[in-house]
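Step one of this worksheet: look at the structure below.
Just so it is clear, none of the values below were taken in a lab; they were calculated from the coordinates. Predicted model, so just to flag it, every value in this text is computed and none were measured. All Cβ positions, glycine included, derive from the backbone under ideal geometry; neighbour counts span all protein chains shown.
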Amino acid sequence: MTTRTLGVIMNGVTGRMGHRQHLVRSVLAINEQGGVPLGDGGRVLLRPILVGRTPAKLRALAEEHGIEDWTASLPEALADPDAEIYFDTQVTQARVPAVTQAIEAGKHVYVEKPTAEDLTGALRLARLAREKGVKNGVVQDKLFLPGLRKLKRLVDGGFFGRILSVRGEFGYWVFEGDWQPAQRPSWNYRAEDGGGIALDMFPHWTYVLEGLFGRIDAVTARAVTHIAERTDEEGKPYTATADDAAYGIFELDGGAIAQINSSWCVRVNRDELLEFQVDGTHGSAVAGLRNCRVQHRGTTPKPVWNPDLPANHGFRDQWQEVPDNEDFDNAFKVQWEMFVRHVVEDAPFPHDFGAGARGVYVAEAGLQSSAEGRRIELETLDDHT
């Protein structure tokens, strides 16, 4: 059994998501398990090369995790001949220029979503990656969450019959930053910096809906800024110019309707921060990040509407928990391993820049629908990518 080492340039990992999920729980966790297993019995270890704008933060992060290679110069990192993969988890606004440099340098590229601020930029990256012949991928982590993998198992097994509707609820209360620190960076609430929950979350809903239930044919949405003023990391008030809530209706191929609320201005009264309810002719399911419950048509009770009498039973008690039936690894780590295999042994990886552009397209359509107050029909992007 042979083991090789693959250099991975990681740009933007001083941020919360890049540090926790991509560096610690993915790349370093892969090395702790002995590398990515390959089909021939070999393994691939990853050598992270940290890149960012602030040398002090990079140095501290490298020292914390015993990482030797870091630099504040992207060209210096891209010049490393042993670094075959470039990973980008910067703010969205910085992504297209950096990823373009990486592609031009001949690196395989793996990026966080959205791949760009707009469809033009997303399509440009997809075309450039294809022209340069580099492998490319976008993070679509929610497809690998235990709850959604159980949901896919139900879909593939025909549990639902004909799917009628999907209802999604995502979000939590993000503090304004004045009397309690905000849980999200201030750029998320400035449109001029690439912020906004529609651009952030609609790409997620695109790959979830299209990966599980069917192509999105049309979008109707309302994106709003509920909280007009917030306080930034330095304690200075600023005007929120980006949407902090988006309410979308997605019409799917085959007739199913999906309704998904996304909000950073909602207090949670559900089991998990993200939940989907799927209703079909033969059964229904409610899936979160980890758990999934079902109710088959054969065990569906017959509620009778009578507001004059108190309910004498718990509706949630009438549902059955879906068993794990397998061990679920970290969703980000699973996709990292898939991409490494894609690069090293050409294993399949469907989550490419074309899929990333599709997510940006749906987000852009949602914002257009909100601005113009109308339903937006979508087309395929095959001819553009």
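Tabulated results
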item	result
Most mobile listed residue (178, 217, 141) in the chain, GNM with C-alpha springs under 10 Å	178
Length gained when the stretch residue 94-residue 59 is fully extended (0.36 nm per residue, less Cα-Cα span)	10.5 nm
Two-site FRET efficiency, residue 375 against residue 273, from Cβ-Cβ distance with R₀ of 25 Å, rounded to 0.05	0.30
Three-way shape label, the stretch 282-385, alpha-carbon gyration tensor, a/c 1.5	oblate
Theoretical FRET efficiency, 1/(1+(r/R0)^6), r = Cβ-Cβ of residue 79 and residue 346, R0 30 Å, to 0.05	0.70
Karplus (6.51, -1.76, 1.60) ³J(HN,Hα), θ = phi - 60°, over the stretch 274-290, in Hz, Gly and Pro reported as x	10, 9, 10, 10, 10, 10, x, 5, 9, x, 10, 8, 10, 10, x, 5, 10
Formal net charge of residues neighbouring residue 217 (Cβ-Cβ distance under 11 Å; K, R +1; D, E -1)	-3
Size of charge dipole - the chain - debye, nearest 20, with Cβ of Lys, Arg +1 and Asp, Glu -1, no other charges	620 debye
Distance (nanometres) between label positions extended 7 Å along Cα→Cβ at residue 308 and residue 296	3.8 nm
Note, ³J(HN,Hα) from phi for the stretch 18-30, Karplus 6.51, -1.76, 1.60, rounded to Hz, x at Gly and Pro	x, 5, 6, 7, 8, 7, 6, 8, 10, 5, 5, 5, 4
Modelled FRET efficiency - R0 22 Å, residue 175 with residue 249, Cβ distances, 0.05 increments	0.15
Counted charge near residue 342, where neighbours are those whose Cβ lies closer than 11 Å (Asp, Glu -1; Lys, Arg +1)	-2
Centre separation in Å (Cα based) which lies between the stretch 153-191 and the stretch 329-384	17 Å
Within the stretch 189-234, GluC sites (Glu not before Pro) in DSSP loop having at most 14 other beta-carbon neighbours inside 10 Å	233, 234
Computed label-point distance, nm, for sites residue 329 and residue 265 using a 7 Å Cα→Cβ extension	4.1 nm
Net charge of neighbours whose Cβ lies under 10 Å from the Cβ of residue 255, counting Lys and Arg as +1 and Asp and Glu as -1	-2
Value of relative contact order over the stretch 237-305, rounded to a whole percent, pairs C-alpha under 8 Å and six or more apart	17 percent
Residue with peak Gaussian network fluctuation, the chain [Cα springs, cutoff 10 Å], from 135, 107, 236	236
All Cα pairs of the chain, percent lying beyond 39 Å	19 percent
Gaussian network model of the chain, Cα within-10 Å springs - most flexible of 35, 161, 283	161
Relative contact order, percent, the stretch 47-90 [alpha-carbon distance under 8 Å, six or more residues apart]	38 percent
Extension gain, residue 183 back to residue 317 (0.36 nm per residue minus Cα-Cα distance, nm)	44.9 nm
Cleavage-rule hits, chymotrypsin sites (Phe, Trp or Tyr not before Pro), the stretch 176-275, DSSP coil, Cβ neighbours within 10 Å at most 15	179
